[in-house]
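Trainee: For reference, the structure I am asking about is given below.
The values are calculated or read from the model by the stated rules, or taken from the named source; none is laboratory data. In this text, all values refer to a predicted model and were calculated from it rather than measured experimentally. Because the Cβ atoms are built from the backbone with ideal geometry, glycine has one as well, and the counts that use them run over all protein chains shown. Calculation scope for accessible area: heavy atoms of the full protein, side chains included, ligands and nucleic acids excluded. Shrake-Rupley method; radii C 1.70, N 1.55, O 1.52, S 1.80 Å.
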Amino acid sequence: MRKLLFIIIYLSFISPAFADGNKAIENALHEYIKGKDARIGVAVIINGKDTVSVNGNRDFPMMSVVKFPLALTVAHWINTNGMSLNDTVTFSEKAMKEDTYSPMLKKYGKSRNTMTIRELLEWSLVESDNNAADILLHRVGGTSGVTSIMRQMGISDEIVIGASEEDMHRDPYLSYLNRTTPLAMAQLFDRFYHELRNASQSYSEISVMLEQCRTGLDRLAFPLLPTNALIGHKTGTGFPTPEGRISAVNDCGYVNFPNGTRYSIAVFVADSNYDIATTSAIIAEVSKIVLEGLIKQK
């Protein structure tokens, strides 16, 4: 409790002008990750310029983090085709897969075959609904369509979308087709917060959805819960491998404090030899190391 009070008091005094203390954060992350029985990648971009990275250029499977760049391509598609989030998408009953994670299906069953783009984005980003994500993916042209739009948007070719949720459910190892580097994802979240979220109504509403994300509160958000920070993020969770490991547990997003200090952060944990809760706690600890490192730079 005393430690949490310390964080609450000092966060309001973090200076936007950081000293050369980012190396200390990077060293602390290296030390923490050392010896962990998992492959871990971290990238942090502070105030849009200072970068901290551990395995930041290595590829990691995105899992449901893929729903963030997918949402951006949907927004771009809306903007370039004179549409809005109020436009509807019609889909067949077959699109509502029963053997996948779908709170949307649980709520509506197969009785609905039309939703607005806004509704589908909310289900995909806030609840991480797989059916909603695939309906949007197919609406913008599948993986090839999304790839084309991402390159039009200038999104790094280190962010690759090569499989739908249905593909990954059919063969879990196809999830490795959806990959990124931590640096590329942190840069995308940084660009989104700094530039895209104010570029149109559709992007702006995506930022609200990210800030309402209901998954993974035991990951990046955990050490921030007692603070006045705003966090927008997207999580991803993989599958048990035949070797008894967890393929991936991820969380990526942006953090903003009232005094103007902000950072984007991407944490990927692949091939973890721990359970989901313990692997999620690794992400929470990384988040805490970054937070406390910034406090020390005040």
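Trainee: Where the second residue is part of a loop (DSSP other than H, G, I, E, B) and the first is over 17 Å from Ile276 (Cα atoms) and lies in the range 202-219, which pairs have Cβ atoms under 7 Å and are six or more apart or on separate chains?
Mentor: Ser202/Leu85; Glu205/Leu85; Met209/Val126; Gln212/Val126; Cys213/Val126
Trainee: Taking the range 56-90 on its own, how many of its residues are at negative phi and either of a type in the set (A, V, I, L, M) or open to solvent by less than 20 Å² (accessible area, probe 1.4 Å) (or both)?
Mentor: 20
Trainee: Then there is this: Got a number for residues in the range 260-280 being within 20 Å of the chain's Cα centre (by Cα), open to solvent by 50 Å² or more (accessible area, probe 1.4 Å) and either under 20 Å from Glu26 (Cα atoms) or of a type in the set (S, T, N, Q) (or both)?
Mentor: Within the range 260-280, residues that are within 20 Å of the chain's Cα centre (by Cα), open to solvent by 50 Å² or more (accessible area, probe 1.4 Å) and either under 20 Å from Glu26 (Cα atoms) or of a type in the set (S, T, N, Q) (or both) number 1.
Trainee: Look through the range 161-170, keep the residues that are touching a helix residue (DSSP H, G or I) at 6+ places or on another chain (Cβ under 7 Å) and not in a loop (DSSP other than H, G, I, E, B), and return whichever of them is nearest to Gly238 (Cα to Cα).
Mentor: So the residue we want is Met168.
Trainee: Additional query: Would you mind stating whether Leu291 is open to solvent by 50 Å² or more (accessible area, probe 1.4 Å) and touching a residue at least 12 places away in the same chain (Cβ under 8 Å)?
Mentor: no
Trainee: Of the numbered conditions (1) in a loop (DSSP other than H, G, I, E, B); (2) open to solvent by 40 Å² or more (accessible area, probe 1.4 Å), Ile155 satisfies every one except a single condition; which is it?
Mentor: With (1) in a loop (DSSP other than H, G, I, E, B); (2) open to solvent by 40 Å² or more (accessible area, probe 1.4 Å) applied to Ile155, the lone miss is (2).
Trainee: Right, another one. Look through Ser204, Ser175 and report the one residue that is modelled with pLDDT of 95 or more, among the small types (Gly, Ala, Ser), in a helix (DSSP H, G or I) and open to solvent by 10 Å² or more (accessible area, probe 1.4 Å).
Mentor: Exactly one residue qualifies, and that residue is Ser204.
Trainee: A further question on this structure: Do you know which residues across the range 110-144 are more than 19 Å from Met83 (Cβ to Cβ) and at pLDDT 95 or above?
Mentor: Val126, Glu127, Ser128, Asp129, Asn130, Asn131, Asp134, Thr143, Ser144
Trainee: Wholly within the range 12-130, which helices (runs of 4 or more DSSP H) include no fewer than the required count, namely at least 1 residues that are in contact (Cβ under 8 Å) with a residue 60 or more places away in the chain?
Mentor: In the range 12-130, 22-33, 67-80, 117-125 are the helices (runs of 4 or more DSSP H) which contain 1 or more residues that are in contact (Cβ under 8 Å) with a residue 60 or more places away in the chain.
Trainee: Taking only the range 212-259 into account, find how many residues are in a strand (DSSP E or B) and either touching a Phe, Trp or Tyr at 6+ places or on another chain (Cβ under 6 Å) or surrounded by 21 or more Cβ atoms within 10 Å (Cβ to Cβ) (or both).
Mentor: Of the residues in that region, 16 qualify.
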